[in-house]
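Novice: Take a look at this one; I'll ask things after.
The values are calculated or read from the model by the stated rules, or taken from the named source; none is laboratory data. Not measured: the values here are computed from a predicted model. Here the Cβ is made from the backbone with ideal geometry for all residues, glycine too, and neighbour counts use every protein chain on show. For the accessible areas, the whole protein counts, side chains as well, though only heavy atoms, and no ligand, DNA or RNA atoms are used. Shrake-Rupley method; radii C 1.70, N 1.55, O 1.52, S 1.80 Å.
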Amino acid sequence: MASNAQVTITAKSFGKNGVPDQTDVGAKATFKKRINGTTLSLSLTDATFKDQGQTLKEVVLTAERQLSDNVKGSLTYDFGGSTGSGSLSVDKVVNGSILTLKGTYKQKDDAFILEETWRLDKRSKLYGSYNFRTEEAAATYTLTEGPNTAAASYNFLRREPKLSVSRREGRHMLEAVWEPKKETGTLNWTYKPLKATLKTRVDRNGVAAKEASLTVNQEFSF
């Protein structure tokens with residue numbers, strides 16, 4: 001079972017000369033261990049060490065277990081925020097399609113979220129979610145054809161559409177995302193263990209860089 005460590009360099013607020021006004025470096029590590037059928041995951045970030053561990057900021061512990069052949073449960077606790085969450089997911093076969101139902105309760109927001117994923121066939125799936133507290137509903141349809149994947153999403157509360165296309169070849173993956181209401185376009189390029197992301201503003205005035213980041217993700221076992 002692979003644990004991982006990430007380092008991300010982010011550049012923001014690009015000037016006319018293409019030089020960013022702000023550059024940040026962040027780090028995150030997740031340690032995973034399987035004990036008696038339960039997968040334990042402990043994650044922490046550079047923010048954990050900046051406050052010298054006094055508040056355990058961004059230290060999160062997750063326990064996940066397969067309760068039966070088609071039922072999985074998980075519990076998560078955020079030590080810095082002193083809040084937790086729990087989820088239960090069930091897989092079922094309905095009319096030849098695989099349906100996954102997942103319910104999650106988040107203590108911080110006192111919110112219950114219901115998610116469902118229909119794997120309609122080997123090429124397509126439909127995902128939907130509903131937050132009973134905020135009444136926020138969203139849906140995504142994904143179609144995969146060989147190495148190519150296209151997805152269309154819509155958030156009904158915010159009235160925000162989102163479109164994406166991607167292509168995967170071996171360790172390479174190139175993805176383009178367009179969010180018309182936010183006037184934002186994103187280009188992701190992945191070549192493990194590297195991932196580069198460029199966010200741009202796309203409007204009637206043209207295209208301008210908003211944010212660029214480079215992430216190095218290294219997997220390890222302990």
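Novice: Quick one: grab the alpha carbon gyration tensor of the range 38-156, order the square roots of its eigenvalues as a ≥ b ≥ c, and give me rounded if a/c is under 1.5, else prolate or oblate depending on whether a/b is larger than b/c.
Specialist: Note, shape of the range 38-156 comes out prolate.
Novice: LEU120's amide H: which non-local residues (gap 5+, or another chain) put their own amide H closer than 5 Å, with H modeled 1.01 Å from N in plane and none for Pro or chain starts?
Specialist: Those qualifying (amide H under 5 Å, at least 5 residues apart or on another chain) are LYS125, LEU126.
Novice: Under the definition of Cα pairs under 8 Å and six or more residues apart, what whole-number percent is the relative contact order of the range 58-182?
Specialist: Relative CO of the range 58-182 lands at 11 percent.
Novice: Over the residues of the range 51-117, compute the C-alpha Rg and express it relative to 2.2 N^0.38 Å.
Specialist: The reported ratio for this selection is 1.40.
Novice: Sort 181-190, 17-26 by the packing proxy (mean of other Cβ within 10 Å over each peptide's residues), most packed first.
Specialist: Ranked by mean Cβ neighbours within 10 Å, highest first: 181-190, 17-26.
Novice: Toward the positive end of the charge dipole of the range 85-222, about the Cα centre and with charges on Cβ (Lys, Arg +1; Asp, Glu -1), which of VAL93, ALA176, GLY103 goes farthest?
Specialist: Value computed over the given set: ALA176.
Novice: Placing unit charges on C-beta atoms (Lys and Arg positive, Asp and Glu negative, everything else neutral), compute the dipole magnitude of the range 16-135 about its Cα centre in debye, rounded to 20.
Specialist: 460
Novice: Quick one: the Cα spread of the range 1-77 along its three principal axes, in angstroms, biggest first?
Specialist: Taking the Cα atoms of the range 1-77, the three principal extents are 58, 32, 18 Å.
Novice: Continuing with the same structure: With θ set to phi - 60° and the Karplus curve 6.51 cos²θ - 1.76 cosθ + 1.60, what are the ³J(HN,Hα) couplings of the range 112-124 in order, to the nearest whole Hz, using x for Gly and Pro?
Specialist: Each residue of the range 112-124 in turn: 10, 10, 10, 10, 9, 10, 9, 8, 5, 7, 5, 9, 9 Hz.
Novice: Now for a different question. If you average the sequence gap of Cα pairs under 8 Å that are 6 or more apart and divide by the length of the chain, what percent do you get for the contact order?
Specialist: For the chain, the relative contact order is 14 percent.
Novice: Can you pull the accessible area of GLU135 for me, 1.4 Å probe, Å² to the nearest 10?
Specialist: Answer for GLU135: close to 120 Å² accessible.
Novice: Shifting gears a bit: From the helices alone, meaning DSSP H stretches of at least four residues, give me the mean residue ellipticity at 222 nm for the chain, per-run term -39500 (n - 2.57), in deg cm²/dmol to the nearest 500.
Specialist: Theoretical 222 nm ellipticity from helices: -500 deg cm²/dmol.
Novice: With a cut-off of at most 16 other beta carbons within 10 Å, and DSSP calling the residue loop, which trypsin sites (Lys or Arg not before Pro) in the range 81-117 qualify? Please list them.
Specialist: Within the range 81-117, the qualifying trypsin sites (Lys or Arg not before Pro) (loop, at most 16 other Cβ atoms within 10 Å) are LYS108.
Novice: Same structure again: Looking only at ASN131, ASN148, ASN70, which one moves most when the chain is put into a Gaussian network model with springs between Cα atoms under 10 Å?
Specialist: ASN70
Novice: Here's something else I'd like to know. Can you list the residues, at least 5 places off or on another chain, whose amide H is less than 5 Å from the amide H of PHE156, using H built in the peptide plane?
Specialist: The answer is ALA137, ALA138, ALA139.
Novice: I would also like to ask the following. Would you mind working out the magnitude of the charge dipole of the range 77-222 relative to its Cα centre, with +1 at each Lys and Arg C-beta and -1 at each Asp and Glu C-beta, to the nearest 20 Debye?
Specialist: 340
Novice: Just to check I understand the Karplus step: with θ = phi - 60° and J = 6.51 cos²θ - 1.76 cosθ + 1.60, what whole-Hz values come out for the range 214-222, glycine and proline as x?
Specialist: My calculation for the range 214-222 gives 10, 10, 10, 10, 10, 8, 7, 10, 9 Hz in order.
Novice: What residues from the range 8-22 fall in the zone where the backbone N is under 13 Å from a label point 7 Å along the Cα-to-C-beta line of ASN217?
Specialist: From the range 8-22, the list is 8.
Novice: Provide the per-residue ³J(HN,Hα) series for the range 74-85, in order, calculated from phi with Karplus coefficients 6.51, -1.76, 1.60 and θ = phi - 60°, each as a whole number of Hz, with x at glycine and proline positions.
Specialist: 8, 10, 10, 10, 9, 5, x, x, 6, 9, x, 8
Novice: Quick one: among ILE35, ILE98, ILE113, which has the greatest mean-square fluctuation in a GNM of the chain with alpha-carbon springs under 10 angstrom?
Specialist: Largest GNM mean-square fluctuation: ILE35.
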